[in-house]
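Novice: I have a structure here, written as structure tokens, and I will follow up with some questions on it.
The values are calculated or read from the model by the stated rules, or taken from the named source; none is laboratory data. The structure displayed is predicted, hence computed values, not measured ones. Using ideal geometry, Cβ is built from the backbone for each residue, glycine included, and neighbour counts are taken over all protein chains shown. Surface areas here come from the heavy atoms of the whole protein model, side chains and all, with no ligands, DNA or RNA. Shrake-Rupley method; radii C 1.70, N 1.55, O 1.52, S 1.80 Å.
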Amino acid sequence: MTAGERYERFTDLVRLGWGLHGLGACASLVLPAGGEPVLEVRTAGGGPVRITAIRRYRGRVFTWRPWWARLWRRGKWVVADADNAADIIMAEVNA
């Protein structure tokens with residue numbers, strides 16, 4: 001991944017975090033020293049959901065694996081690629 005692609009991922013996560021903040025979510029951008037940035041959002045129950053941005057052929061999409069995915073969607077990722085990704089994510093993490 002190039003420096004430009006990492007910067008795009010970072011800015012996409014910041015924009016998403018700001019959108020989630022506007023919806024009342026507690027969101028933090030995590031920048032690990034040896035990894036890719038993730039956006040961490042707290043669920044209504046207090047557990048974290050870690051969101052990452054990936055590039056697809058249609059542009060950037062956001063993926064996350066909520067805590068309940070281990071029980072109900074084993075092995076599957078949840079994806080939001082719409083302009084209203086913050087709304088979709090809020091609905092999913094608070095379900």
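Novice: Can you run down the residue pairs with Cβ atoms below 9 Å, 6 or more apart or on separate chains, where the first is in the range 74-92 and under 18 Å from Arg15 (Cα atoms) and in a loop (DSSP other than H, G, I, E, B) and the partner is among the small types (Gly, Ala, Ser) and modelled with pLDDT under 80?
Specialist: Asp81/Gly59
Novice: Still on this model: Looking at (1) surrounded by 13 or more Cβ atoms within 10 Å (Cβ to Cβ); (2) under 18 Å from Asp87 (Cα atoms), which one does Glu8 not meet, given that it meets all the others?
Specialist: (2)
Novice: Turning to a different aspect of this structure: For the range 15-31, give me the residue count where each residue is open to solvent by less than 70 Å² (accessible area, probe 1.4 Å), without any contact (Cβ under 8 Å) to a residue 60 or more places away in the chain and either hydroxyl-bearing (Ser, Thr, Tyr) or part of a helix (DSSP H, G or I) (or both).
Specialist: Looking only at that region, the number is 2.
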